[in-house]
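Participant: Take a look at this one; I'll ask things after.
Since every read-out is calculated from the coordinates, none of them should be taken as a lab result. Since the model is a prediction, treat every value here as computed from it, not as a measurement. Every residue, glycine among them, receives a Cβ derived from its backbone with ideal geometry; neighbour counts consider all protein chains shown.
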Amino acid sequence: MNPRKHISQRGAALVVGMIMLVLITLMLITALNLGTTNFRAMTNMQFRSEAIAAANKATEDIISSNFTLAPAAQDVFVDLDNDAVDDYVVQVAQPQCIYAAEAFGTDPSSLSLPMTMSTASTWNTVWDIDTTVNGADNVGGAAVRVRSGVRVLLSQAQKDGVCP
């Protein structure tokens, strides 16, 4: 066996080994970056979903109150995880009555009377409730806007007070 041939092969193996080590390191760094990016994307989606849930919860709170008496803008504090700490601040714009139509579900005795003589006049009103979660006011920094519509049955006097 030739000693010179053996010596030159040892140097080539070292260079190939170093190149392989650099390639493996680059692949690991790339995989780490991809994993971090996916984690951030999933976290952002989770915070956005929580912000939408907070806006929906605020809308439910508004709808469950008698908001048609005096519609006003307000801030609703929402605790999603029930730990007695408010997680989100939801700004609710003043509910707007956007449509009113007379309801014909009146008493049977007054159905045959003309509308001017009926005392049981009720109105189906449609309301727009606009909620906003500001990114600076919540845990995850997600900002969303959710608009909801709700139908409310009002008397003639109530309708005249809040609907155009």
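Participant: Please work out how much length the chain gains when fully extended from Asn38 to Phe77, using 0.36 nm per residue of separation minus the C-alpha to C-alpha distance, in nm with one decimal.
Facilitator: 11.0 nm
Participant: While we're on this one: Go ahead and run the numbers for FRET between Val16 and Val139, Cβ-Cβ distance against an R0 of 41 Å, rounding to 0.05.
Facilitator: After rounding, the FRET efficiency stands at 0.20.
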